[in-house]
Amino acid sequence: MENFVPASLILFAYHLSVAVAAIGSGFGLGRAVGSAMEAMGRQPEASGKIQLAMIIGCAFIEMLTIYALISIFFVGGVIGTGMEG
Amino acid sequence: MSPRTSMHLADGGAIMLAQLGTGEPHGEVTHGPGLHGDEQQFHGAGEEQPLTGAHAAEAHAEAADGGEHHPPAQYLLPHEVPNIATLAEAVADPAHFEIHGSHRPHPAAYVGWVPINFLFSICLAGCLVLFFRRAMRPRAVRRPGRLQLFAEMMLGGMRGFIIDIMGEEQGRRHFPYLASLWFFILVNNLAVLVPGLKAPTASLKTTLALGLTSIVYVRIATLRDIGPLGYVYHLAGSPKDVITWCMAPLFIVIELIGEVVKPVSLSLRLFGATLGEDKVLAAFLGIGMMITAALLSDATPLVGLPLHVIFFPVVILLSTIQATVFAVLSAVYIMMMQHHEEHEEGHGHEPAPATEGGRREAAAGAAGLAH
């Protein structure tokens, strides 16, 4: 069986998937960091605790993009070599 | 510019650059040594590269005769930042490297039988140990040297940070492990910036080892603090009345899945972030090579524009953040298992006081994000 999808389209889809994941976690990070900054401005004495929670939350949001990236690396082989297929 | 070269470049996605290069004369440009030294591995390093354009033309003629293997189209797009390991591989077996080296989907894990990530991390850890031994050797109280001040400043800052998160007692107890973890991961992440070194954390093996070590440490700390029965009680969701006791089996299953996922997520996060950084650096290194290739109309130029240098500040920032996240998450996993005894008493008041209980609540709230 030959593959039905052109290789260039697959290559495009690889990159697009990371872009979509990045958009999502960009919004998430924006909300999280924005709220944390607001809270810190309102209550500067609690900034240590807020910062800790923010860093951990950011790690979990950012993880989603990293998962997308990893799956690209593993599933799609490598950026560039997809051209051969 | 030979049609062969332009075809290669077009394959590599640099049609415009190839057109740009057509106006260039093909003779006078003399190649200097590689800007980075390690970029020479693109040529297989074992074979002698011609130094002038005229010689390059001869080499092309030879290649056309079939005397020399011509590099494939994507030769200029490396998949990892060149380092000592790729160089050694290229020297040992140039032909094999040309076929598999630059087309390998993942960074190399072995050269021959030598596990290079392990080698690099051991060397980096050794450097770290030597540095701190050297810095702290005078143990001067009155007039410490620059090196000692620097080391003490870093350790002191780390200690304050960890004590802020975990509280005085727990922070002091777990500071040695968490600080070692932080320094080790930071040094491993930053190794990619040094020409010739690679970041061992860009390999899943290294990060999985780190994650497993961390979770084993966390579990030992938990068992020491609340004992095996307390641990099982926590896994069951700390049941208080009949309904929560009925829910306990469900909680145990969920928590056990969580226990498995924790080290995996820790290691995947570090691995993905570091590998992503390395790929970006490698891609921009490749773009630099393609630009020089087009300008010099030579398929394998000795010199590449060091475009990846613009990403160094980003890499430093992200590496620090990733090391911090790893250490902080380990600390939070320790804290998560401890708040349950005091949780009930600190439940009522809204503004959490800046005491042990308040810190634990903050850590627990942060850990709640994890699930």
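When the scattering of the stretch B:119-184 is computed by the Debye formula from its Cα atoms alone, each counted once and equally, what is log10 I(q)/I(0) at q = 0.11, 0.17, 0.20 Å⁻¹? The Debye formula, applied to the Cα set alone, gives -0.31, -0.69, -0.88. Across the stretch B:236-298, the convex hull enclosing all Cα atoms gives 85 Å³ per residue.
Other residues whose C-beta falls under 15 angstrom from the C-beta of A:Ser25 contribute a net charge of +1, scoring Lys and Arg +1 and Asp and Glu -1. Backbone amide hydrogens, once placed in the peptide plane, bring B:Val111 within less than 5 Å of B:Ile116, excluding anything fewer than 5 places away on its chain.
Among the trypsin sites (Lys or Arg not before Pro) in the stretch B:231-319, those located in a DSSP loop and surrounded by at most 12 other Cβ atoms within 10 Å of their own Cβ are B:Lys240.
With a simple spin-label model that places each label point 7 Å from the Cα along the Cα-to-Cβ direction, the separation between A:Met37 and B:Val264 comes to 3.6 nm.
By the count of other C-beta atoms within 10 Å, a proxy for reagent exposure, B:Thr207, B:Thr320 are ordered fewest to most as B:Thr320, B:Thr207.
Ranking of B:Cys123, A:Cys58, B:Cys246 by neighbouring Cβ atoms within 10 Å, starting from the fewest: B:Cys246, B:Cys123, A:Cys58.
For A:Val20, B:Val328, what's the fewest-to-most ordering of other Cβ within 10 Å of each Cβ? Could the numbers behind the result be given before it?
Details: A:Val20 12, B:Val328 22.
Lowest to highest Cβ neighbour count: A:Val20, B:Val328.
Taking Lys and Arg as +1 and Asp and Glu as -1, the other residues whose beta-carbon sits under 15 Å from that of B:Leu266 total +2. For the stretch B:167-293, the convex hull spanned by the alpha carbon atoms encloses 142 Å³ per residue.
Quick note: the coordinates plus some simple rules give every number you see, no bench work behind them. On a predicted model such as this, the values are computed, not experimentally measured, just so you know. Here Cβ is always computed from backbone atoms with ideal geometry, including for glycine, and neighbour counts include all displayed protein chains.
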